[in-house]
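The values are calculated or read from the model by the stated rules, or taken from the named source; none is laboratory data. All values derive from a computational prediction rather than experimental measurement. Here the Cβ is made from the backbone with ideal geometry for all residues, glycine too, and neighbour counts use every protein chain on show. Ligands, DNA and RNA are stripped out before the accessible areas are found, and what is left, the full protein with its side chains, is counted by its heavy atoms. Shrake-Rupley method; radii C 1.70, N 1.55, O 1.52, S 1.80 Å.
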Amino acid sequence: MRVLSLGRWLRAGRVPPREPASRPSGHRHSGHRPQGPPQELPQGPSQKVSVEVLEHLEHLALVDFRDSEGVERLQKAIQFADQLHEVNTDGVEPMDSVLEDRCLYLREDDVTEGNCTKELLENARETVEEYFVAPPGNIPLVKLEGQKTFLQGSK
Amino acid sequence: MGARLLGHALRSQVSAALKEGRVTPTELCQRCLALIKSTKFLNAYITVTEETALKQAEESEKRRKRGQPLGILDGIPIAVKDNFNTAGIETTCASNMLKGYISPYNATVVQKLLDQGAVLLGKTNLDEFAMGSGSTDGVFGPVRNPWSYSKQYKEKSVPKSHSEDEEYNWVITGGSSGGSAAAVSSFTCFAALGSDTGGSTRNPAAHCGVVGLKPTYGLISRHGLIPLVNSMDVPGILTRCVDDAAVLLGSLAGHDPKDSTTIQDDFKPFELPDLPDVSKLSIGIPKEYHAPGLSSEILSLWSKAADLFKNAGAKVVEVSLPHTRYSIVCYHVLCTAEVASNMARFDGLEYGHRSDVKDSTESMYAATRREGFNDVVRGRILSGNYFLLKQNYEKYFVKAQKVRRLIANDFGKVFGSGVDILLTPTTLSDAVPYTEFIQEDNRTRSAQDDILTQAANMAGLPAINVPTALSERGLPVGLQFIGRSFQEKQLLTVAKWFEKQVQFPVIQLEEAERHDNGVFQHQKSASFS
């Protein structure tokens with residue numbers, strides 16, 4: 001029996017409106033047909049993240065929230081992640097890697113390449129001889145004059 | 001109709017053409033470069049390496065003249081996603097953070113391709129740092145799906161009087177390897193590298209009507225692939241047919257001493273049977289993949305595909321992967337956590353953008369990162385850091401790792417019960433117009449679009465998108481096959497069989513036809529068919 005080309009089955013007809021998933025009505029119920037969709041995930045209550053934590057995050061990440069949208073984004077991300085708590089993981093070990101059953105490959109401790117100082121320094125903006133140059137360290141992050149972050153402004 | 005040269009399949013047609021001297025590597029390279037120029041509006045390429053490509057083509061030609069080609073890929077034009085390091089060539093990850101960064105080395109997969117004589121045409125566009133599902137969030141602008149300009153799509157669109165409306169109507173490629181998918185789909189190259197962390201190769205493959213292969217985690221080296229999620233990233237392969245994907249896989253797979261997460265087993269490149277037989281296989285249909293929002297069109301195609309296998313004698317069974325719906329949540333936590341760690345290297349000291357601020361190291365780092373990263377990247381870094389805080393570590397990060405094991409176990413149980421291959425949709429719908437896509441933010445979109453592809457990354461399994469049919473709107477729709485770990489041969493065999501059954505139509509792209517015909521007229525060479 002020649003198998004019909006799938007293209008023919010989609011020919012002509014009106015463009016259907018974008019619709020949500022529908023049950024395969026009219027099909028015989030067969031064990032191998034895709035079944036109905038699972039239920040929508042419930043949204044849990046969201047805990048507001050304190051300004052202290054937000055500032056702490058900015059400091060750890062050295063990235064700022066910039067505006068309320070950024071903070072809102074984090075709130076939504078946490079709310080989304082909270083769905084994990086619906087899953088029962090009693091007695092389940094965390095999985096670091098899908099290759100956990102194998103031995104990690106370790107090379108012999110022999111030098112096989114290197115001596116590329118020049119190439120590596122080429123990509124740095126500020127160098128002195130063979131050194132990368134950094135501004136002074138051990139100075140806590142202080143906001144520059146006139147450049148309050150969004151969080152500071154909201155305090 | 002004689003097949004156009006640039007539309008040829010790599011292995012069966014263009015490689016043969018090169019071997020028999022019906023076309024030279026230089027001619028091939030020139031045609032591809034010209035087509036890239038005339039399809040610039042797609043914005044698929046960030047960097048086009050015209051000079052080096054022509055040089056590589058020249059070298060290939062010399063080798064072929066001496067009768068010493070390096071292999072099947074010698075002289076074949078390819079493109080590489082711009083998050084793979086390429087020596088001497090800018091690698092940007094579509095971010096301000098790496099604009100102007102010239103890689104000092106080749107990623108292992110790039111080196112392997114070059115060692116076999118492939119001609120590197122350029123670096124393709126993506127979402128910034130591969131974060132996204134539309135290829136719309138990079139600093140070089142969005143990639144346009146070539147099918148937006150196809151006869152098939154235009155015919156199905158409501159007739160417009162202005163060309164402006166056509167501009168308005170273009171659809172996305174999907175992401176994040178949208179540039180690579182568009183490059184292959186529009187015939188500018190014969191194969192392209194992408195990356196796949198949550199579906200970033202399979203999603204654009206489905207929307208652009210090309211084959212997108214995600215290999216098993218640990219099979220192909222990640223050395224030189226700028227990492228997103230170390231425990232899930234893999235290099236992805238985009239081609240126009242399954243046989244070509246097998247060729248690329250054969251050239252790239254295998255242990256790499258520079259990537260300790262590659263397995264040490266010997267990898268034997270394989271050729272796929274011409275007439276694959278699926279009658280002895282068991283195909284699983286996971287019911288949870290009938291996700292909310294799945295279009296009725298795709299649902300119908302999925303059903304018909306299942307019937308195809310049944311009629312061919314395969315055993316087709318419904319199976320259950322109960323934790324599927326948590327996969328995307330789990331991914332969200334693990335991905336942001338690993339991203340927070342991986343993005344820490346961008347501080348402006350050794351490479352990449354560096355801010356002018358010089359009061360202190362920390363203020364320089366902070367300013368550099370504020371200037372270099374877009375909102376999406378910064379958002380993920382902040383979320384990731386939140387989940388990794390001491391007070392949240394067990395509750396979120398470790399919890400997600402436990403859920404990951406449950407997801408991986410789900411697959412293990414199903415494959416252990418005798419199922420060989422899973423058949424699922426790749427995307428919830430065909431490609432949406434750009435103007436519609438950007439109505440929702442990146443995180444929401446990613447959560448929606450990755451839902452069907454993500455779990456395979458969670459479990460490290462190989463998966464492939466095979467273009468299946470055109471939608472009512474004239475756009476490609478693909479279906480996904482997921483296989484057992486390291487069983488790419490079986491996976492690709494099934495994919496090839498399916499590909500033969502569905503006979504997915506060739507894109508009718510005015511630009512490519514016009515260009516190819518024009519060049520033909522100047523050649524006196526024999527026809528290609």
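Quick notes
Quick grid of which residues meet (1) touching a strand residue (DSSP E or B) at 6+ places or on another chain (Cβ under 8 Å); (2) β-branched (Val, Ile, Thr):
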position: B:270; (1), (2): no, no
position: B:279; (1), (2): no, no
position: B:306; (1), (2): yes, no
position: B:333; (1), (2): no, yes
position: B:340; (1), (2): no, no
position: B:354; (1), (2): no, no
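- Contacts under 7 angstrom Cβ, first residue in region A:72-86 being more than 7 Å from every other protein chain (Cβ to nearest Cβ), partner open to solvent by 10 Å² or more (accessible area, probe 1.4 Å), 6 or more apart: A:75/A:46; A:75/A:49; A:79/A:43; A:79/A:44; A:79/A:46; A:82/A:44
- Among the residues examined, residue B:160 does not qualify as part of a helix (DSSP H, G or I) and either over 19 Å from residue B:338 (Cβ atoms) or at pLDDT below 95 (or both).
- Restricting B:377, B:419, B:414, B:403 to those that are touching a residue at least 12 places away in the same chain (Cβ under 8 Å) and outside any helix (DSSP H, G or I) reduces the list to B:419.
- Residues (within 14 Å of chain A (Cβ to nearest Cβ), within 15 Å of residue B:83 (Cβ to Cβ) and out of contact with any strand residue (DSSP E or B) (no Cβ under 7 Å at 6 or more places or on another chain)) located in region B:228-247: B:229, B:230, B:232
- Scan of region B:355-393 for residues that are in contact with a Lys or Arg (Cβ under 8 Å, 6 or more places away or on another chain), within 26 Å of residue A:132 (Cβ to Cβ) and open to solvent by 30 Å² or more (accessible area, probe 1.4 Å), ordered by number: B:370
- All conditions in (1) more than 9 Å from chain B (Cβ to nearest Cβ); (2) surrounded by 10 or more Cβ atoms within 10 Å (Cβ to Cβ) hold for residue A:139, with the sole exception of (1).
- Odd one out for residue B:398 among (1) modelled with pLDDT of 95 or more; (2) buried (at least 19 other Cβ atoms within 10 Å of the Cβ); (3) not in a loop (DSSP other than H, G, I, E, B): (2)
Residues are listed down the side, and each one gets a yes or a no for (1) surrounded by fewer than 24 Cβ atoms within 10 Å (Cβ to Cβ); (2) in contact (Cβ under 8 Å) with a residue 60 or more places away in the chain; (3) under 16 Å from the mean Cα position of the chain (by Cα):
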position	(1), (2), (3)
B:452	no, yes, yes
B:459	no, no, no
B:464	no, yes, yes
B:468	no, yes, no
B:471	yes, yes, no
B:479	no, yes, yes
B:486	yes, yes, no
B:499	yes, yes, no
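- Where residue A:56 falls short, out of the listed (1) touching a strand residue (DSSP E or B) at 6+ places or on another chain (Cβ under 8 Å); (2) facing chain B (nearest Cβ under 8 Å): (1)
- Of all residues assigned to region B:407-415, at least one qualifies as being over 19 Å from residue B:331 (Cβ atoms) and of a type in the set (Lys, Arg).
- Members of region B:294-317 that are more than 23 Å from residue B:493 (Cβ to Cβ) and either open to solvent by 40 Å² or more (accessible area, probe 1.4 Å) or not in a loop (DSSP other than H, G, I, E, B) (or both): B:296, B:297, B:298, B:299, B:300
- Each residue in region A:47-101 was checked for being of a type in the set (Ser, Thr, Tyr) and surrounded by 13 or more Cβ atoms within 10 Å (Cβ to Cβ), and 2 of them qualify.
- Sole exception among (1) within 9 Å of chain A (Cβ to nearest Cβ); (2) of a type outside the set (D, E, K, R); (3) in contact (Cβ under 8 Å) with a residue 40 or more places away in the chain for residue B:409, by number: (3)
- Restricting attention to region B:236-247 and to residues that are closer than 20 Å to residue B:112 by Cβ and either of a type in the set (D, E, K, R) or at pLDDT below 95 (or both), the residue that is most open to solvent (accessible area, probe 1.4 Å) turns out to be B:243.
- Within region B:408-450, the set of residues being within 15 Å of residue B:324 (Cβ to Cβ), open to solvent by 30 Å² or more (accessible area, probe 1.4 Å) and among the small types (Gly, Ala, Ser) comprises B:412 only.
- Filter result for the condition that a residue is of a type in the set (S, T, N, Q), under 30 Å from residue B:378 (Cα atoms), within 23 Å of the chain's Cα centre (by Cα) and open to solvent by 10 Å² or more (accessible area, probe 1.4 Å), over B:85, B:106: B:106
- Where a residue in region B:14-42 is under 22 Å from residue B:247 (Cβ atoms) and its partner, wherever it lies, is of a type in the set (Lys, Arg) and open to solvent by 40 Å² or more (accessible area, probe 1.4 Å), with Cβ under 8 Å and at least six apart: B:18/B:64; B:19/B:64; B:21/B:64; B:24/B:64; B:25/B:64
- Complete set of residues in region B:266-292 that are within 9 Å of chain A (Cβ to nearest Cβ), open to solvent by 10 Å² or more (accessible area, probe 1.4 Å) and in contact (Cβ under 8 Å) with a residue 40 or more places away in the chain: none
- Residue check, residue B:448 without any contact (Cβ under 8 Å) to a residue 24 or more places away in the chain and either outside any loop (DSSP other than H, G, I, E, B) or more than 12 Å from chain A (Cβ to nearest Cβ) (or both): no
- The condition of being under 20 Å from residue B:484 (Cα atoms) and out of contact with any helix residue (DSSP H, G or I) (no Cβ under 8 Å at 6 or more places or on another chain) holds for residue B:233.
- Looking at B:148, B:157, B:135, just one residue is open to solvent by less than 50 Å² (accessible area, probe 1.4 Å), polar (S, T, N, Q) and at positive phi, and that residue is B:135.
- Considered as a group, the residues in region B:248-262 that are crowded, with 19+ Cβ neighbours inside 10 Å and part of a loop (DSSP other than H, G, I, E, B) include one that is farthest from the other protein chains (Cβ to nearest Cβ), and that residue is B:254.
- Qualifying residues in region B:1-22 (those that are open to solvent by 10 Å² or more (accessible area, probe 1.4 Å) and part of a loop (DSSP other than H, G, I, E, B)) - the one modelled with the highest pLDDT: B:22
- Of the residues making up region B:91-111, not a single one is free of Cβ contacts under 8 Å to residues at least 40 places away in the same chain, within 14 Å of chain A (Cβ to nearest Cβ), touching a Phe, Trp or Tyr at 6+ places or on another chain (Cβ under 6 Å) and over 30 Å from residue B:427 (Cα atoms).
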